[in-house]
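Presented below is the structure to which this report refers.
The values are calculated or read from the model by the stated rules, or taken from the named source; none is laboratory data. It should be emphasised that the depicted structure is a prediction, and the values quoted were computed from it without experimental measurement. Don't worry about glycine lacking a Cβ; one is built from the backbone with ideal geometry, like all the others, and counts go over all protein chains shown. Calculation scope for accessible area: heavy atoms of the full protein, side chains included, ligands and nucleic acids excluded. Shrake-Rupley method; radii C 1.70, N 1.55, O 1.52, S 1.80 Å.
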Amino acid sequence: MPISNQKTRRERLEEREDAIIAAAHDEFVENGFEGAKIAGIARRAGVAEGTLYLYFRNKSALLGAVVGAFYQRLTTGAAEGVALRHATEDRLAFLARHHLASCLQEWAILALAMPALYQAGNYRNSEYFGFNRNYVAVFDSVVREGIARGEIRDDLPLHLMRDLFYGALEHTVRTLMALSLIHISEPTRLQV
């Protein structure tokens, strides 16, 4: 019996959803949340505006899907990179580089999502909290394995190590983004 090259209905639906999410990403990056238009997203995705509403309720749901896709890539990349390394120091260094590069690359989307994070009255029950928990689970497993091998101290709470690690990285990303907005024409001296 010949193997069919036709895609299943589910595969076609998933491809269309992925195309809508990619189109929403580009529309949000170019126009911001307020400037992004559902019609523009539909046009970029090559679907009718009504079709888009079969997949996503509104613009906020689209932004959530874009952020979810970012976190999926972030988490998958982190897990795959960690799996290729054995020493705890190498794994943590990889996670730091991966996080910085990913956040800098997607800063426009993250900046749009941050207000939604802070306005969520019940962050712990939000989809954003779930995205973040799945992602930091990679860090948590690296630290637990490092503790078990005696490469990391065992007297610091895991949540504190996580907060220090990612807090420093988030601060670095914000600083780098702020500096990229400032054009310095010549070296300046700090005066104390």
Nearest-0.05 FRET efficiency for Ala22 and Asp163 at R0 = 41 Å, using Cβ-Cβ distance, is 0.80
Report the calculated FRET efficiency for Leu84 and Asn5 (r = Cβ-Cβ distance, R0 = 30 Å), to the nearest 0.05. 0.35
Can you work out the FRET efficiency for the pair Leu13 and Asn134, with r the C-beta to C-beta distance and R0 = 25 Å, to the nearest 0.05? 0.60
Kindly report the accessible area of the chain per residue (heavy atoms of protein chains, probe 1.4 Å, no ligands, DNA or RNA), in Å². 66 Å²
Carbon and sulfur atoms account, in whole percent of the 1.4 Å probe accessible area of the range 84-179, for 58 percent
Can you tell me which of Ser126, Ser180, Ser141 moves the most in a GNM of the chain? Springs connect C-alpha atoms under 10 Å apart. Ser180
Label-point separation, Met177 to Ala148 (7 Å along Cα→Cβ), nm: 3.6 nm
Length released on extending from Lys37 to Arg97, taking residue separation times 0.36 nm less the Cα-Cα span: 18.2 nm
